[in-house]
Amino acid sequence: MKPDRLLDLPAHSDLEESLKICRQVVQDVEFPTVRKWREGGGKVVGHFQVYFPEELAHAAGLLPVKVRGGAVERREADSHFGSYICSILQSSLELALTERLVIDLFVTHAICDAARNLAGIWARNLPQPARILYFPQNPNSSHALDYLEGEYRAVLEEIEEIAGRRVTDQELRRSMAVFNRNRQLLAELYAIKRDEPWLIAADEAYALVAIGGLIQRDEHNELLERLLPQIRMREAHAQDKMRVVFEGGFCEQPPLDLLQAISEFCYVVDDDLLIGLRWIIDDVPLEGPPLRNLADAYLNNSSYSPVQHDLRKPKEEMLLERIRGSDAEAAIISAAKMCEPGLDEQVAYSQELEQKGIPYFETEFEEKMTSFTHLQIQLETFVENVLFAWPSDEDARPLLVTKGGQW
Amino acid sequence: MTELKAAASGVHGRGADEGRRLFQEWFADLTSAAERGEKAAYVFVMGSLVELLRCFDFNIVFPEINSLQTAVRKVSDDYLNLAEDHGFSPDVCGYVKADYAVQLRNGDHPMGRIPPPGLSVLTNACSTYVKWAEIWGRMYQDPVFTMDVPGSRVPVPLIGPNGAHTEVADAVRTIGDSARFEADRTYVEGQIRELIGVCEQVSGVSFDIDRCREVLRLTNQMGRAWRALLELNRNSPAPFDAMLEGTIYLGVANALRGTEEGARYFEDLVEEMEARVAAGMGPHGSGGESHRLVFVGVPCYPIFRRFYELFSEWGGTFATSTYTWFASGGLNLDFEYDLDRPIESLAEGVLRGVIEATDSLMFPDRALLQAIDDYDVEGVVYHPVKSCRTVSTGLAASRRVVLEARDVAALYIESDMMDKRVVSEAQLKNRIDAFFEGLQSRKLRKNRSAAAES
Ligand code: SF4
Ligand code: SF4
């Protein structure tokens with residue numbers, strides 16, 4: 001019997017306790033929610049970063065799980081890779097090889113060449129099927145929509161095979177409604193971050209978003225519906241912290257402690273952390289062909305990331321929009337170590353910010369890092385420089401850049 | 001035999017000299033174009049669409065070739081440092097960085113001057129191509145056309161978990177699935193037709209299907225010669241070293257595909273190699289070869305000649321190299337453009353080329369096991385590089401499979417194809433020497449047990 005609830009929250013747990021539990025579960029490399037689901041006979045679709053139309057798995061009664069690595073010691077995965085590979089790939093494989101995360105269908109994407117090749121390594125070493133969902137890298141072509149709809153249909157057929165049944169359009173629409181609601185709630189959470197950032201720290205907000213990738217989205221909706229009003233009621237006051245945008249968390253995830261360290265000096269008013277869960281910006285229409293609507297939303301109603309190429313969305317301009325939209329004073333431009341797309345984009349972002357005279361803090365991170373003292377010192381200095389050495393006259397402002405480098 | 005040797009020495013080195021000349025001419029043409037203030041169409045080796053670009057009189061630039069030339073000419077450090085001064089990480093693809101520095105230096109390159117892009121055309125065969133072209137888009141606001149070419153969706157390894165062999169491997173790849181393949185081909189064809197519109201707009205030249213047919217015919221001609229060339233290396237001794245000479249030939253093949261000179265060059269080269277085979281001459285002259293090897297990955301350009309010598313001094317010859325497959329823009333495949341349906345067929349060629357390249361990067365062992373048998377090699381040399389995850393990610397896993405499936409020795413050495421800072425010649429030499437010592441004792445053991453049996 002598949003459980004209705006995957007997250008073991010005590011009845012009537014308050015905001016603080018709920019956040020604490022979410023934080024623990026998000027960091028738990030034993031994946032208790034996924035385990036519980038499987039113990040109840042449920043099947044799992046594991047999708048690697050960045051975006052996946054989770055509605056397809058949900059509609060078939062499977063649990064879509066976001067595969068985003070984890071801070072796990074790598075004993076088995078190391079020998080499958082060379083030296084110059086980001087951590088998320090290695091830890092994701094480690095989680096699967098050690099059966100901490102058991103997945104019935106693994107889907108990766110050609111977001112980068114390393115992730116594409118992960119499908120091969122996965123298929124070679126794990127008995128469950130693996131497949132690549134190729135999102136169109138030419139979304140500007142008039143053929144992209146038909147193509148992507150076709151891909152979604154093929155993925156749905158594989159999901160149906162795992163589920164052992166067909167999925168109707170009606171079921172798809174029901175799931176789309178659940179995910180539409182979920183994105184609305186996440187947008188509300190981000191509105192709080194933007195408008196009253198003192199009410200929720202970056203690491204807390206992250207845990208609340210990330211838990212959605214580990215439980216059914218209906219349950220996530222209920223959780224958010226219960227907690228968002230409590231966040232708004234929280235007793236907290238604005239402090240003199242700098243408003244920043246954190247960029248660079250689209251694939252490999254920084255440790256929660258790193259976000260906490262940033263929160264000590266800054267309000268993270270917007271970010272691209274787990275952007276895949278918030279990829280689609282507005283509701284996907286429920287009338288009309290569901291797969292086509294989902295494909296259309298991916299192409300034409302979506303956010304941006306370094307791994308999606310779209311001539312309509314120059315990424316540096318999108319970043320500026322994010323900074324302006326959240327009224328941020330500065331940006332933290334980060335990239336995961338060894339991440340080719342992230343590191344390439346970091347150059348474009350920093351050049352644009354330099355040109356526009358927006359202060360930024362540039363750095364690299366790794367999911368397995370544990371010490372943040374160095375970061376805190378550098379960040380504190382950066383914040384002081386911006387807050388105290390920043391002339392009020394816009395034209396007189398010097399360029400302000402801090403290269404954090406290795407933390 | 002002496003006569004054959006004389007005949008072979010008459011043509012010996014012709015391919016190398018002629019290749020050098022053609023390359024110099026090509027760069028001289030680019031330099032003149034840059035000096036006249038002209039722009040160029042930039043295109044890549046995997047999923048190359050150069051045939052289409054030739055129909056519009058563009059100057060053609062292959063940025064990957066320019067970048068590797070900076071390393072071969074031992075100046076890549078200057079270029080990499082300049083790019084890193086502008087914010088690039090030491091850990092990203094060195095080709096991108098070297099080219100970025102070429103652009104910053106107004107096209108200044110050790111072989112001449114490179115015109116800036118007026119149009120960039122790429123496929124997603126390598127995801128870094130996409131990031132790379134975005135850089136030009138920012139620098140020059142040139143039109144960027146990314147041809148989306150989906151690869152195989154379901155990766156089925158030749159040897160799966162627990163050593164289970166998968167006989168149906170080909171059937172589930174896109175190549176073996178006719179409905180999936182046709183859908184993808186149509187998708188690519190649609191984009192090619194869109195690209196034609198972009199090319200017409202940028203160049204002001206109207207598309208001429210007969211001209212396209214002629215260019216494709218010349219690529220067909222070159223492809224036949226290219227495959228014959230690779231095939232000739234199944235002889236022992238192999239007439240050329242696939243890692244050293246193969247890479248030079250690969251450069252010419254990419255740069256000149258779809259041209260008269262390119263097609264002729266490879267036909268002459270085949271003639272030269274046939275003469276070498278007839279005379280029993282290998283790349284090391286007539287001394288034969290002690291060890292036949294296969295090379296996997298991208299060569300170490302900062303010490304290219306020395307890298308080759310580290311193997312050749314032990315009598316090691318690379319009979320084949322995966323580089324000559326995945327970076328040949330599909331020339332290695334048994335495929336010819338159908339000149340009655342040029343655009344449809346070009347779409348098929350691009351799709352086949354990209355799928356084969358990406359599949360062989362994901363599962364290098366599939367093609368490798370075949371090559372080990374076909375080329376009768378005793379050792380596999382893996383050379384993953386820091387710069388290129390496209391080529392390098394799957395190699396450690398492939399090594400495990402190959403060693404399980406065949407009685408061969410394997411050497412796994414990491415360095416880079418651009419960045420001298422991660423190339424330690426002494427360390428490479430130690431590992432390579434130990435590898436050959438191992439190969440020699442394997443041979444001795446085998447000979448001894450064969451003698452004991454008889
Ligand atoms: S972190 Fe970067 S390199 Fe690693 S899988 Fe993600 S996009 Fe690819
Ligand atoms: S990552 Fe590899 S294949 Fe891609 S451009 Fe760089 S060297 Fe070429």
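Read-outs: derived from the displayed coordinates by stated rules, not from any lab. Values in this document were obtained by computation on a predicted structure and should not be read as measured data. Every residue, glycine as well, gets a Cβ built from its backbone with ideal geometry; the counts of neighbours run over all protein chains shown.
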Problem - Cα pair count fraction exceeding 16 Å, expressed as % - the stretch A:81-208 - result: 75 percent
Handout entry: Built amide H within the under 5 Å cut-off of A:ALA130, gap 5+
Key = A:PHE106
Completion exercise
Expected integer from the mean partner chain Cβ neighbour count at 10 Å over B:220-229 is 0
Problem - aspartates and glutamates with Cα under 16 Å of B:LYS39, excluding same-chain neighbours fewer than 8 positions away - result: B:ASP29, B:ASP57, B:ASP99, B:ASP108, B:ASP142, B:GLU200
Practice task
For every other residue with a beta carbon closer than 13 angstrom to the beta carbon of B:SER32, add +1 if it is Lys or Arg and -1 if Asp or Glu, then tell me the sum.
Solution key: -2
Completion exercise
A student asked for the Cα radius of gyration and Dmax of the stretch B:208-248 in angstrom ought to give 14.2, 46
Problem - Computed log₁₀ I(q)/I(0) - Debye formula, equal Cα scatterers, no solvent, the stretch B:199-305, q 0.15, 0.23, 0.24 Å⁻¹ - result: -0.72, -1.24, -1.29
Handout entry: Distribution of pairwise C-alpha distances over the stretch B:16-123, 5 Å bins, in %
Key = 2, 13, 22, 24, 21, 13, 5, 1
Exercise for the section: Express as a percent, rounded to the nearest 5, the fraction of DSSP beta bridges in the protein assembly as shown (both residues included) that run antiparallel. Expected result: 10 percent
Problem - 0 to 90° range, to nearest 10: angle between helix B:260-278 axis and chain B longest Cα axis - result: 10 degrees
Completion exercise
Volume per residue (Å³) of the convex hull spanned by the alpha carbons of the protein assembly as shown is 171 Å³
Completion exercise
At q = 0.30 1/Å the base-10 log of I(q)/I(0) from the Debye formula over the alpha-carbon atoms of the stretch B:266-322 is -1.16
Practice task
Report, please, the projected area of the stretch A:1-104 averaged over directions, based on the convex hull of its C-alpha atoms, in nm².
Solution key: 7.8 nm²
Practice task
Take the Cα radius of gyration of chain B and divide it by 2.2 N^0.38 Å, with N its residue count; two decimals is plenty.
Solution key: 0.97
Practice task
Would you mind pulling out the separation of the Cα centroids of the stretch A:1-63 and the stretch B:317-367, in Å?
Solution key: 43 Å
Practice task
Evaluate peptide A:333-345: per residue, the Cβ atoms of other protein chains within 10 Å of its Cβ; return the mean as an integer.
Solution key: 5
Completion exercise
Averaged over residues of B:411-417, the number of beta carbons from other chains lying within 10 Å of each residue's Cβ is 1
Problem - Residues of type aspartates and glutamates that B:LYS420 reaches as a straight line, Cα spacing below 16 Å, ignoring anything fewer than 8 places off in the same chain - result: B:ASP77, B:ASP78, B:GLU84, B:ASP91
Practice task
Relative to the longest principal axis of the C-alpha atoms of chain A, give the angle of the C-alpha long axis of helix A:217-232, reported between 0 and 90° and rounded to the nearest 10°.
Solution key: 30 degrees
Practice task
May I have the pair-distance distribution P(r) for the stretch B:363-451, computed from all Cα-Cα distances with 5 Å bins from 0 and rounded to whole percent?
Solution key: 3, 12, 20, 20, 20, 14, 6, 2, 1, 0
Completion exercise
Checking A:SER18, A:SER326, A:SER142 against a Gaussian network model of chain A (alpha-carbon springs below 10 Å), the top fluctuating residue turns out to be A:SER142
Problem - Lysine pair number, Cα distance threshold 21 Å (strictly under), chain A, separation 8 or more or different chains - result: 21
Practice task
With r as the distance between the Cβ atoms of A:GLU188 and B:ARG36 and R0 = 45 Å, compute the FRET efficiency 1/(1 + (r/R0)^6) and round to 0.05.
Solution key: 0.15
Fill in the blank from the handout: Expected sort for A:282-291, A:101-110 on mean C-beta neighbours within 10 Å, highest first, is A:101-110, A:282-291
Fill in the blank from the handout: Those GluC sites (Glu not before Pro) from the stretch A:69-124 that are DSSP loop and have at most 12 other Cβ neighbours within 10 Å turn out to be A:GLU73, A:GLU99
Exercise for the section: Quick one: check the C-alpha center-to-center distance for the stretch B:14-88 versus the stretch B:177-232, whole angstrom. Expected result: 21 Å
